[in-house]
1. Bin width 10 Å, alpha-carbon pairs only: give the P(r) of the stretch 18-166 as whole percents, running from 0 to the bin holding the largest distance.
2. Scan around ILE62 for amide H atoms under 5 Å from its own, H built in the peptide plane at 1.01 Å from N, and keep only partners 5 or more places away or cross-chain.
3. Quick one: what are the phi-derived ³J(HN,Hα) couplings along the stretch 97-109, Karplus 6.51/-1.76/1.60 with θ = phi - 60°, whole Hz, x for glycine and proline?
4. Can you list residues from other chains, or at least 5 along the same chain, whose modelled amide H is less than 5 Å from the amide H of ASP143?
5. Output the 0 to 90 degree angle, nearest 10, between the alpha-carbon long axis of helix 150-169 and the longest principal axis computed from the alpha carbons of the chain.
6. Working with all protein chains in place, sort THR14, THR76 by solvent-accessible area computed with a 1.4 Å probe, largest first.
7. In terms of solvent-accessible area of protein heavy atoms at a 1.4 angstrom probe, what is the ranking of PHE155, PHE22, highest value first?
8. Whole-Hz ³J(HN,Hα) for each residue in the stretch 29-43, computed from phi via Karplus 6.51 cos²θ - 1.76 cosθ + 1.60 with θ = phi - 60°, x for glycine and proline: what do you get?
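The values are calculated or read from the model by the stated rules, or taken from the named source; none is laboratory data. The shown structure was predicted, so the numbers you read here are calculated from the model rather than taken from an experiment. For the accessible areas, the whole protein counts, side chains as well, though only heavy atoms, and no ligand, DNA or RNA atoms are used. Shrake-Rupley method; radii C 1.70, N 1.55, O 1.52, S 1.80 Å.
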Amino acid sequence: MSVSTINETRQYLTFELDKEIFAIDVSQVKEVLDFTKITKIPRTPDFMLGVINLRGSVVPVIDIRKKFGMNISEITINTCIIVLEIEYENELLTIGAIADSVKEVFELEPKDIEPAPKIGTKMNIEFIKGMGKRNDDFVIILDINKIFTQNELEFINEKTQENEIIEENT
């Protein structure tokens, strides 16, 4: 979805990564958790930290900072896991994403969202729906369905299913 397809007021969850503010459409956020122990899985991409047990379900956890090529930060009291629902093969795949902190939920009107700049960003702009104007600051609005390649989502899904089978057998 690009800026041109945002034609109604939407709510966004804002969070911080490396002192930058990002936003995700709140409809894709399942919940926000305090940081918890993550079980590592061998032979996974470096951005995949492992899995957590979320009320009996295995949820893969990724580090968006690593995916975006950003500096890695230490875990603090504000570090949290944002549990997201990402479209994958006409279903929703639940994935946890590490954030430095969660800020707030707020509404943005289409007139307050501009297209992503073509230069000067720290990441590939295909992940960015637009730049939201909030007071005098910009918020980077992410298209969470475009952060991962189809192969990465397939791999994450396979690893999650493998770990669900292991959990059931133990």
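1. Over the stretch 18-166, the share of Cα pairs per 10 Å bin runs 10, 40, 36, 12, 1 percent.
2. Correct list: LEU49, GLY96, ALA97, ILE98.
3. 10, 6, 10, 4, 6, 9, 9, 6, 10, 8, 9, 10, 8
4. Under 5 Å from the amide H of ASP143: ILE128, LYS129.
5. The helix 150-169 is inclined about 40 degrees to the chain.
6. THR76, THR14
7. Greatest to least solvent exposure: PHE155, PHE22.
8. Once θ is set to phi - 60°, the couplings for the stretch 29-43 become 9, 7, 5, 10, 10, 5, 4, 9, 4, 10, 7, 6, 10, x, 6 Hz.
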